[in-house]
1. At 222 nm, what value in deg cm²/dmol follows for the chain if DSSP H runs of at least 4 each add -39500 (n - 2.57) and the sum is divided by all its residues, to the nearest 500?
2. Give the average over all directions of the projected area of the C-alpha convex hull of the stretch 89-140, one decimal, in nm².
3. Using all alpha carbons of the chain, what is the percent of pairwise distances in each 20 Å bin, ordered from the shortest bin to the longest?
4. Please check: in the Gaussian network model of the chain (C-alpha springs, under 10 Å), which one of 339, 117, 155 has the largest mean-square fluctuation.
5. Based on the alpha-carbon gyration tensor of the stretch 274-389 and its eigenvalue square roots a ≥ b ≥ c, which shape applies: rounded if a/c is under 1.5, prolate if not and a/b is larger than b/c, or oblate?
6. Please state the charge dipole magnitude for the chain, taken about the Cα centre, from unit charges on C-beta atoms (+1 on K and R, -1 on D and E), reported in debye and rounded to the nearest 20.
7. For 367, 82, what ranking results if the residue with the fewest other Cβ atoms within 10 Å of its Cβ goes first?
Amino acid sequence: MKSKTKSVSAKFSDSNQFSRRQFLLASAAAPLGLATAVAHTKQANPKIQRIDVFPLRYPTRGYFKFFSGPRGSYGRGAVIVKVTAEGGVVGWGQSVPSPKWSYETLETTVIVLRDYLGPVLIGRNPLDIDGAHKVMDGALGPGFSTGMPIARAGLDIALHDLAGKLMGQSLSQMWNRPQGGPLTLSWTVNARTLDEADAIIDAGHKRGYSNFNIKVAPEAKFDVELAKLVRRREPDAFLWADANGGYDLSTALSVAPKLADAGVDVLEAPLRPNRISGYQQLKKQGALPILMDEGVVSSVELAEFIRLEMIDGVAMKPSRCGGLLPAKRQIKIILEAGLMWLGSGLTDPDISMAATLLLYGAFGLTKPAALNGPQFLAADVLAKPLVIKNDSAEVPSGPGLGVEVDEAKVIELMKKTKNSKKG
């Protein structure tokens, strides 16, 4: 007997005016079985029965220029994804949109998950994650690259969590890789003045951090002074400058050698990602290793950018490139090319950060990771929080993501989101 499903419509009047909403994504899709994987599960042919999405905003602490939203809203927006298989096993994921980083917003993420990507997964085998990405490719056409990758990442993470629970394996076991960890974290310095930067560095020291990433661009003169200050304060730190595509080419070519002289180790996203010839010139200049971040979404453009000799590596962000499966493929491409990869994120909250830690641990990340969720976010939805001591983050262990989501906390955070104010 087929289970009955129903859909719940969504209404948006203001991005920070959310009451409790639970969106049921339902449609019929032909299941695709994986005999080798299913043999390890208790169910002969597991199927996805329902998908629920929970839009909310995490309260924040400290100043970070990427958290402001429309009509005065403030906070780290996220859409939590709950994928339930027949039999009741649940996988949790998280999409982390930000209009300051991409074209994806909290509202569009909900719509895409509810009306486009979610429905094509109903009835499918959750162990077939590669197949899930293929049907999502057909549900939402790409632009230059993967369509709505941040929205998709939430489903990808939830499928990994669900598959691990069905198989009784951690993600590292599913990937036949070591768990790895603990991972060293980097403290973000997003300062408007040098005095403010001093205070931020002090706060990092108090939390036990000794490595720093600085937000730079477009003011090159200030950026060089900021880099000098951080290097003076922390001579042995790994110092990472992220311009978020904020320089023009002439400024980037001028400031890169100065940042190198100031003690910066790498320069991330100096230009917008479509400035291909500009990236080629910066890489040829060789003042600093030039990394891309959000500009690399799929493996297709990563391989093309490597062939075009545009980059020295990538600052990985699983939440930006469509999830763990695409990120894993990209790390392998980078390693095969002999290039650098660093671990980064989009100020990922707890669920997305757990997935990211698992990926970076499994692939043996050695440099400090710019995962600043613990620095800026003031709430969580886990039954037990991630283990972070000083600047050291433990890689979760256990089936799937190795974390337990407290759904009551999710609902409570949704209720609080309605009254979210700048903190």
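Any read-out appearing in this document is the output of simple, stated calculations on the displayed coordinates, not a laboratory observation. These figures come from a predicted structure and were not determined experimentally. When we count neighbours, we look across all protein chains shown, and the Cβ atoms used for this are built from the backbone with ideal geometry, even at glycine.
1. When only DSSP H runs of four or more count, the value is -10500 deg cm²/dmol.
2. 4.1 nm²
3. Bin by bin from 0 Å, the calculated values are 27, 58, 14, 0.
4. Largest GNM mean-square fluctuation: 339.
5. prolate
6. For the chain, the charge dipole is close to 1180 debye.
7. 367, 82
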